[in-house]
Amino acid sequence: MKKINIISSVVLLMFFSSCTDYLDETPDNRIEANTLEKASEILVAAYPQGDYFFTDWMTDDSEYIESNQQLTKLTDIFLWKELDELDESNTPTNYWNNAYEAISQANATLDALDKIKSDDIAFRNAIKGEALLCRAYAHFMLANLFSNNYNEATSKTDLGIPYVLESENVLIKQYERNTLFETYTLIEKDLTDGLKLLSNKYYSGSKKYHFTTTAAKAFACRFYMYKGDYTESIKYADMILGVNSVNPVYLKDLAAFSSQSGSTAKRNFFVKNTDPSNILIVEKLVSVGLRSNYGYRTSISVWRNLYWNSNIWDGTDLRDNGYGKYAIETAKFKEEFYKESLTATTGYPFFVQPVFRGEELVFNRIECNIELNNFTAALADFNILGNSRYTGAKTLTIDDIQTYYTTKDEAGNDVLPDEKSALISLLLSEKRKEFLQEGMRWFDIKRHHIAIEHVTSDGDIITLEKDDLRKVLQIPQNATSRGIAKNPR
C-alpha cells in the first residue's frame, strides 16, 4: 500500500512550462513530478497557510486593550479600514495570495497527473480527488471573504472571484471575476467530483492534515449551508454525526481539556491530531496574530458577557474554565517556529489550526433545521450540545428559549420573539462561545447581517452597519492593478 507522507515544513513547487528558454531548465531545488508519489507530495502546499484570524479583530469579540502592543495594521483592521496594499501575515492580501498559491499547487498536481504514466488508477484517482477538494476549498474561502454572501436571487449579478482551473504558463496572466453563481457552481463541481475520487487508504499518520472523506463531507456540509441548500447540508452532517444523533467523538471533551495543567498542555490537547473532533488541521503562518499581548483582543468585559452573563442552561460553562480564565487569551493554539536553517536564530512563527471541527457540523445542522422550520430537530441537537458544554445543563424547551430572549419595547412591554428568531439567537450565541478566536465569528456576522460597534482608543464609537459594504473585503491591489474589478464602496 502506497502512503502519502505528511511533509509539513517543505513547500514543493513545480514549473511544467515557462515563458522563456531560461526557465525551461528545472533548477536543482525543484521537484519534477514524474511519479504518482511525487505528484502527491505537491499537495502538501495546496492548503492555504495564510491565516484569517484577522477577521476576529473586525468582530464584536475584540476591544481596544490599552496595555497591548498595537501595530498600524491591527488598528486599521479593527477600524474596518482597507489594507489592500499590505501583504503581510494577518492581512486580507496575505490570505488572498496564500489561497491562490494553494490553488496553483492543486492545479500543478492535476497537470502532473495528466503527464504521468501509471496503471495504478486507484492511487491516481485519490490524488486527483484531494487536488480537486483543495482547489474547491481555497476558492470557497476566498469567495466568502471577498464576495457577497451567496443569494440565489442575486448570485448571477453579484461579483465572485477569479476561478483558476489551470496552471499559469505565461509570465503575467489576465483574470476576470466570475459571477458568484459561476464561482459556486465551479466550487460545487470540484467538491462533488473530488468526493467521488477520494480514498483514505493512501494517507499515513493521523491523516488529519489532508482532505479525508470525513473532512470532505464536513466541507460539503458548510458549503451547502452557505449556499442555502439546507437539506443537502444536513445530509452531509448526518453522514458524520449520525441521523437524529450526535456521535460524541466529534464533540471535543471539554472536561478533559479543562483538566489539563497549564496553558501549554491545554493548547496541545486542543489541536492534537488524534482527536476525532479535529477533522482537518492546517498550519498557519500567523506572525503576531494570536499573541495575547498584541492588538485588539477579547477583553475581560467581553469574556464575562460571553461566558458569565449569557447562560440559559443553568450550568457551569466548561469553555469558561477550559478556554482560559486568561480573559484575553484562549488556550487553543500553540505557537511553533520554523528556523530558516539548523543553526539560524530567525525564522517564521506558525500555529496549527483545526479548520474543520466536529462541533461545526452540529451547529450547521441546527441552523439548517431552523431554516427548514424543523424546530424539534434543532432543539434536540441544542440539548445534546448543551450537555457537552455545561455541567448540570437543564433540558431546554422552545418556550425556555423564547422567554430567555424576550425584550422590552419603548413602552416597557415584553416582546416575545417568534420560535425561529429565538432559536437563531441561541445558535449564534453558542457558536460564538465555541469558536472564540478561531476566525469563525466574522462569517456569521456577515451571513446574518449583524451590526457591530467598536470603541476606539480615543473613546469614539464607530459602527459597521448590518449591510455595510465593508463586510466584503476589498480585492488586493496586486490583483486590481491587473484589471480585476474592485468591490463596491
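The values are calculated or read from the model by the stated rules, or taken from the named source; none is laboratory data. Note that the structure is predicted; figures quoted are calculated from it, not measured. Don't worry about glycine lacking a Cβ; one is built from the backbone with ideal geometry, like all the others, and counts go over all protein chains shown. What goes into the accessible areas is simple: the full protein's heavy atoms, side chains included, and nothing from ligands, DNA or RNA. Shrake-Rupley method; radii C 1.70, N 1.55, O 1.52, S 1.80 Å.
Tabulated data
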| quantity | calculated |
| --- | --- |
| Prolate/oblate/rounded label for region 142-227 (Cα gyration tensor, a/c 1.5) | oblate |
| Cα-based shape type of the chain, given that a ≥ b ≥ c are square roots of the gyration tensor eigenvalues and the cut on a/c is 1.5 | prolate |
| Per-peptide average of other Cβ atoms within 10 Å, ordering 347-353, 110-116 highest first | 347-353, 110-116 |
| Leu342, Leu396, ranked by accessible area, largest first (probe 1.4 Å) | Leu342, Leu396 |
| Cα-based shape type of region 227-348, given that a ≥ b ≥ c are square roots of the gyration tensor eigenvalues and the cut on a/c is 1.5 | oblate |
| Helix runs (DSSP H) in the chain reaching 27 Å along axis by Cα, Kyte-Doolittle at least -0.5 | 121-146 |
| Region 352-417-region 63-139 distance, computed between alpha-carbon centres (Å) | 33 Å |
| Karplus 3J(HN,Hα) series, Hz, for region 396-411 with 6.51 cos²θ - 1.76 cosθ + 1.60 (x for Gly, Pro) | 7, 10, 5, 4, 4, 5, 4, 5, 4, 9, 5, 10, 10, 8, 4, 8 |
| Probe 1.4 Å - accessible area at Glu453, Å² to nearest ten | 120 Å² |
| Accessible surface ranking that places the most exposed of Met239, Met440 first, with a 1.4 angstrom probe | Met239, Met440 |
| Greater than 18 Å apart at Cα, pairs in Lys208/Lys284; Lys207/Lys227; Lys266/Lys394; Lys217/Lys471 | Lys207/Lys227; Lys266/Lys394; Lys217/Lys471 |
| Burial ranking of peptide ranges 477-485, 49-57, 311-319 (average Cβ count within 10 Å, highest at the top) | 49-57, 311-319, 477-485 |
| Scattering curve values for region 324-429, log₁₀ I(q)/I(0), Debye with Cα scatterers, q = 0.13, 0.18 Å⁻¹ | -0.68, -0.97 |
| For Thr316, distant residues with modelled amide H under 5 Å away | Thr391 |
| Sequence of Arg470, Arg124, Arg297 when ordered by accessible area, the most exposed leading, probe 1.4 angstrom | Arg470, Arg124, Arg297 |
| Protection proxy ranking of 365-372, 409-416, 82-89 - average other beta-carbon atoms within 10 Å, highest first | 365-372, 82-89, 409-416 |
| Probe 1.4 Å - accessible area at Ser259, Å² to nearest ten | 80 Å² |
| Check: the chain dipole with +1 on Lys, Arg Cβ and -1 on Asp, Glu Cβ, in debye | 1200 debye |
| The chain: relative contact order as a whole-number percent, Cα under 8 Å and 6+ apart | 19 percent |
